[in-house]
Amino acid sequence: MPSTLTRTAARIYGTLSGLGGDATDVMGRLLPFFDPLLRSKQGHQFDVEGFAREVRDAYKWNFNSDVVEVFLPRLVEAGWLTADDPSIQPTTYHITLPDIEPVEGIEGAANQELRSLAEEFKEFSEALSPLTAIPKEIEEFEDILIEWLLYVEAFSEKNIEFSTRVVTDSSGTMRQVVDVPRTTNLTSDERFLCARFVAEAIRSRPETGERLARIASIGLLTEVVQDFVKPTAPVEASSLVVYLDAPVAMEYLGVSGKASRENTVPVVDELRRIGAQVRVFGQSIEEIKRNLGAVLQNPRPTGPTAQALARNEVMRDFVSQVSTDPESVLSSMGIAVTHRTIDQTPSEHQYFPQAHWTEIYGALTFQQSLDARKHDADVTTLVMRQRNGHEDRDIFRSRFVIATRNGLVAQLTRKKCIELGVSSPSTTPPIVHRRYLTASMWLRTGLGEQNFEIPKRLLLANCERVLAIRPGVVEAVKKLTDDLGDPEKTRQLDLLVSQHRSTQALMDKTLGNSGVVTSDNIAELFQEMIHPHLEEERKRGAAAVQAEKKKGKETLKKLQGKIDQEKASKESIQALMDSKVSEDRDAIEALCKDTEAKLAEKKKSRRILGLFLAALFCVPMLLEPSSLVTWASILFALLLGYLTITGNQLIGTRFSSSSAMKALEGEAKQRRIEKKLSAFEFDWDGSQFSITNREIPEEISPDQLF
């Protein structure tokens, strides 16, 4: 069965989904929180004190009867309360909520959507396979996720009821431990799982990330009723001066990681847009130097900056530059630095004397560092003195305020200022948590027009902080590694801790719990830390193989293209050659025909000449021959007889192959095409030529052919 918180969240989530992110009536948007508490008492008398107590128990708000009185007109207007006798003031009320049917439809759809998120969360957590135990039932995952989303970074008066104790660590060193009551009942393991899932979902699954941000926005809405009812009217202009605490200033600088900067920059930019000034105290500048210097000097650094360096989200040179001179870097980004000491401006001391500084310093016993305690006491004193006794419950009219990431400091200083009589319970304290500042900017300025982008960025920034590697886990691994007596293992640990993927694997397996690390699983943890790099090398090797294959395919493709091009060129040349040979053959055939005709004409002429000579030598025989003619005939007969015996001809009527070729070449020369003859071979049969193409050697180039 889902918890009361889960059922309440479903109803509120459904209502928010219907309203959207741009509703301006903040007080109206808070009414769904009260519906499940009032509905169980439908028709009964409304008890102001009892209702305030139920709200405190259900939502962990510092809700009192004064706050209930502020909401009474809203509850009456909505028809949730009905006055017993309106003519009597103050009057009593009965609970008369409207029919639940329309809300049930919303709640049913919301329940289904929340269950879907829980199923994703369960699947993700089981795939993570941590060494520590995780829930088994889907209902547990649903309750854990919703509670974390609603109370992420939330602080209340319950948190300042901390206790201190002294413990001795494994090395024999005594140190003070502060036990701070938590806003929720979630364990450290459960908070880590939630942060891990939410960070992955927002970055890789936009639709899931939008749902998670919408649930987280419910928690931001509660900031207007946390401790007291704060103003909810839209703000267009403000003369507020906001001092950034050192960790918040480091987020703005970008040395604490990408997500933290993306969460802080829009809020600072929006403050400037409405006319507010954003500054940093000189004391915070010194704290930034100390914090960054410690990271740069530590061989196994932890915390947001160390993680940002491991993820390559910030360059070490930039961190070193900021560590050396943070003031110059902040000034270049438009953040002014105010240098003041608590001894300056005696005229303001009356608003917060030295004795009050001592009280604040003494209250901050949870701070391990004396420098940090002095810093917080100093900046609280300076802000209260600059206010000159001015008080206002509207943060945008409070003149001066400090934005911090430390909710415990904000709650403690507020409580002490109330006890010292310099601040009222309903006014804005000197130090406010960045969650409240973010909620105020989101609900009351133009940032709300961006729907749930601001809650989403706040979620990511908190995830980044929760998932940062914890010193206790590193120390536990280091101790067991040193016990092995293997210097190489120690060196490997130093290298692995500086790599984001390795530290993330370590945190995933331990869920940030140092107690999980034992001698039995240290080898497994080392393997898990090395695995991302082995996997990266495997992927890199596979990528290199794929790249070589791709390169080989491209080379083969180029060669094939070249071959195809050469083949096409050869075919084109061959076609051109064939066309040229065909043209030449036609010309040569015509040449042969003409030569054959001329030779035939010569043959005919010779035959006529032979007949003429035969007739000429026959004439004397017909006439009276003289002795001269007789002897001439005898001589001619002897000549013909000799030519006949020897096989010679007086007048030849046949042409030899050589004479035919000579005649052909002569004819070609006249036509200036004698070079074309070399491409063919000729045979002469006595009356005509036969032509055959000459074989062309492959080594002959087209240029030689043409």
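Throughout, read-outs are computed from the coordinates displayed, never taken from laboratory work. As the structure is a prediction and not an experimental result, all values here were calculated from the model. We place every Cβ from the backbone using ideal geometry, glycine too, and count neighbours over all the protein chains shown.
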Taking placed amide H atoms and a strict 5 Å upper bound, the residues 5 or more places from Thr338 or on another chain that come that close are Val280, Phe281, Gly282
With 0.36 nm assigned to each residue of separation and the Cα-Cα distance removed, Glu674 to Thr518 gains 46.0 nm
Computed on Cα atoms, Rg of segment 274-364 relative to 2.2 N^0.38 Å comes out at 1.39
Flagged as over-length at 25 Å C-alpha distance, from Lys603/Lys662; Lys604/Lys676; Lys478/Lys509; Lys374/Lys479; Lys593/Lys676; Lys567/Lys676, the pairs are Lys604/Lys676; Lys374/Lys479; Lys567/Lys676
Stretched fully, the stretch from Met333 through Ser627 gains (0.36 nm per residue minus C-alpha distance, one decimal, in nm) 91.3 nm
Scoring only Lys, Arg, Asp and Glu (+1, +1, -1, -1) among other residues with Cβ under 15 Å from the Cβ of Thr92 yields -4
Phi-derived 3J(HN,Hα) across segment 209-217 with the Karplus relation (6.51, -1.76, 1.60, θ = phi - 60°), rounded Hz, x for Gly and Pro, is x, 5, 5, 4, 5, 5, 5, 4, 5
So for R0 = 56 Å, FRET eff. of Thr365-Gln546 from the Cβ-Cβ r, to 0.05, ends up at 0.40
In nm, the gap between the two label points placed 7 Å beyond Cα toward Cβ at Arg273 and Gln354 is 4.6
Any residue on another chain or 5+ positions along whose placed amide H is under 5 Å from the amide H of Tyr243 is listed here as Arg279, Val401, Ile402, Ala403
Cα-based Debye curve of segment 226-468 sampled at q = 0.07, 0.11 Å⁻¹ gives log₁₀ I(q)/I(0) of -0.22, -0.56
In nanometres, the difference between 0.36 nm per residue of separation and the alpha-carbon distance of Ile418 and Asn185 is 81.1 nm
Reduced to Cα centres, the span from segment 334-408 to segment 288-332 in Å works out to 26
Simple spin-label estimate for Arg74/Ser582, 7 Å along Cα→Cβ, in nm, reads 9.5
Computed about the Cα centre, the charge dipole of segment 226-468 from +1 Lys/Arg and -1 Asp/Glu charges at the Cβ has a magnitude in debye, to the nearest 20, of 360
Protection proxy (average C-beta count within 10 Å per residue), highest first, orders 504-514, 426-436 as 426-436, 504-514
A correct Karplus calculation of ³J(HN,Hα) over segment 289-295, with 6.51 cos²θ - 1.76 cosθ + 1.60, θ = phi - 60°, whole Hz and x for Gly and Pro, returns 4, 5, 5, 6, x, 5, 5
Placing each pseudo-label 7 Å from Cα in the direction of the beta carbon, Ala127 and Glu49 end up separated by a distance in nanometres of 5.4
Ranked output for segments 289-296, 332-339 by mean other Cβ atoms within 10 Å, highest leading, reads 289-296, 332-339
In the neighbourhood of Ser116 defined by beta carbon distances under 12 Å, the net charge of the other residues (Lys, Arg +1; Asp, Glu -1) is -2
